[in-house]
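The next block holds one structure in the form of structure tokens; read it before the comments.
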Amino acid sequence: MSDGGWVALGAAIGTAGSILTTFLNAYLTRDKPDPYEAAAKKLLKEMLEKGGKWKPLTGLMSVIGASEQDTKELLLLVGARASERNPELWGLLTRNPLPDWNKMREPE
């Protein structure tokens with residue numbers, strides 16, 4: 001093999017190694033599902049599906065043992081929203097749909 005052939009072969013091996021290393025690194029460092037998060041989301045959704053349409057944020061936080069910010073993030077992930085009149089109350093969008101803003105008129 002000529003010198004140019006060895007250079008091309010070395011470049012190809014180096015490129016393949018680099019690509020393989022990148023994929024292997026991405027595979028090994030990918031985020032694995034957090035079992036706590038899955039359990040907390042399941043519990044929040046179950047709580048919001050039963051009883052009254054709105055639940056107080058403090059009660060939801062207490063049940064899953066999470067901070068206010070973490071609880072709000074989990075609530076959004078399960079399809080919940082805060083009340084427009086009282087941001088301390090949360091409910092599922094399926095039980096508390098947003099009003100049709102197109103039908104509402106601005107006050108004159």
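The values are calculated or read from the model by the stated rules, or taken from the named source; none is laboratory data. Source: prediction; values computed, not measured. Note that each Cβ is placed from the backbone with ideal geometry, even for glycine, and that neighbours are counted across all protein chains shown. Quick note on the areas: whole protein, heavy atoms, side chains included, nothing else; ligands and nucleic acids left out. Shrake-Rupley method; radii C 1.70, N 1.55, O 1.52, S 1.80 Å.
Leaving out ligands and nucleic acids, and using a 1.4 Å probe, what accessible area per residue does the chain come to in Å²?
Per-residue value: 77 Å².
At 4 °C and 1.567 mPa s, grab the translational diffusion coefficient of segment 1-63 from Stokes-Einstein with a Kirkwood Rh over Cα pairs, rounded to a whole number in µm² per second.
Stokes-Einstein gives a translational diffusion coefficient of 78 µm²/s.
What are the principal axis extents of the Cα atoms in the chain, in Å, biggest first?
Taking max minus min along each principal axis of the Cα atoms, the chain gives 83, 42, 20 Å.
What ranking do 90-96, 6-12, 65-71 get when scored by the average of other Cβ atoms within 10 Å per residue, highest first?
Top to bottom by mean Cβ count within 10 Å: 90-96, 65-71, 6-12.
With springs connecting C-alpha atoms under 10 Å apart, model the chain as a Gaussian network and identify which of Leu98, Leu28, Leu60 has the largest mean-square fluctuation.
Leu28
Of the lysine pairs in the chain, how many meet both conditions: Cα atoms under 26 Å apart, and a spacing of 8 or more in sequence or different chains?
Qualifying lysine pairs in the chain: 19.
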